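Data block below; observations after.
The values are calculated or read from the model by the stated rules, or taken from the named source; none is laboratory data. Small disclaimer: the values here were computed from a predicted structure and weren't measured. In this analysis, Cβ positions are derived from the backbone assuming ideal geometry, glycine residues included, and neighbour counts consider all displayed protein chains. Side chains included, ligands, DNA and RNA excluded: accessible areas come from the protein's heavy atoms. Shrake-Rupley method; radii C 1.70, N 1.55, O 1.52, S 1.80 Å.
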Amino acid sequence: ARMPTALLTNNIPDWRTGWRALIDVDALFDVVVDSCEVGTRKPEAAIYELTREKLALPHEAIFFLDDLGVNLKAARGLGWQTLKYDDTTRVLAVLDALASSRPERR
């Protein structure tokens, strides 16, 4: 069983090369939505909709993790499930529970 993943980031063009050099985001995520490439940024509804389209999932099937409440509020308004990142141990426990409860795809 596997959940599709997306990285949704607010970024500026000057930082793009630097942060992408740190990790291979294309190998880690099915979808990468970088604000400086798509012309919209969190918490604008358009960036969430673009992410949803790229994931090919209904809004209600998306779980969104972010460290800013304003970004979570916008996502919740579209029907996304949200969690504020404020403690790594807690977030990992929630993600583990989500992965464990997900039915297997065949």
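Odds and ends about this structure:
- Each of the chymotrypsin sites (Phe, Trp or Tyr not before Pro) that DSSP puts in a loop and that has at most 16 other Cβ atoms within 10 Å breaks the chain; the longest unbroken stretch is 30-84.
- The phi-based Karplus calculation (6.51 cos²θ - 1.76 cosθ + 1.60; θ = phi - 60°) puts the 3J(HN,Hα) values of the stretch 82-95 at 10, 8, 7, 7, 9, 7, 4, 4, 5, 5, 4, 5, 5, 5 Hz, whole numbers, x for Gly and Pro.
- Using the Cβ of Thr82 as centre and a radius below 13 Å, the other residues enclosed give a net charge of 0, where K and R count +1 and D and E count -1.
- Exposure ranking of Ile62, Ile12 by accessible area [1.4 Å probe, largest first]: Ile12, Ile62
- Neighbour cut-off at most 11 other Cβ (10 Å), DSSP loop, trypsin sites (Lys or Arg not before Pro), the stretch 1-82: Arg2
- Distance between the pseudo-spin-label points of Asp96 and Leu83 (7 Å out from Cα toward the beta carbon): 1.1 nm.
- Dipole check for the chain: with +1 at the C-beta of Lys and Arg, -1 at the C-beta of Asp and Glu, and the Cα centre as origin, the magnitude is about 280 Debye.
- The figure for Glu37 is an accessible area of roughly 90 square angstrom, using a 1.4 Å probe on the protein chains alone.
- Cα shape, the stretch 42-106, gyration tensor, a/c 1.5 rule: oblate
- Prolate/oblate/rounded label for the stretch 1-62 (Cα gyration tensor, a/c 1.5): oblate
- Accessible area of the chain belonging to carbon and sulfur atoms, whole % at 1.4 Å probe: 55 percent
- Mean ellipticity per residue at 222 nm, deg cm²/dmol - from DSSP H runs of n ≥ 4 across the chain, formula -39500 (n - 2.57): -13500 deg cm²/dmol
- Cβ-based net charge around Asp66, under 13 Å, with every Lys or Arg adding one and every Asp or Glu removing one: +3
- Take the chain with all the other protein chains still there, run a 1.4 Å probe, and you get 64 Å² of accessible area per residue.
- Among Asp34, Asp67, Asp87: highest mean-square fluctuation, GNM of the chain, C-alpha pairs under 10 Å: Asp87
- Integer Hz, Karplus 6.51/-1.76/1.60 couplings in order for the stretch 31-43, x for Gly and Pro: 9, 10, 10, 9, 3, 6, 8, 9, x, 8, 9, 4, x
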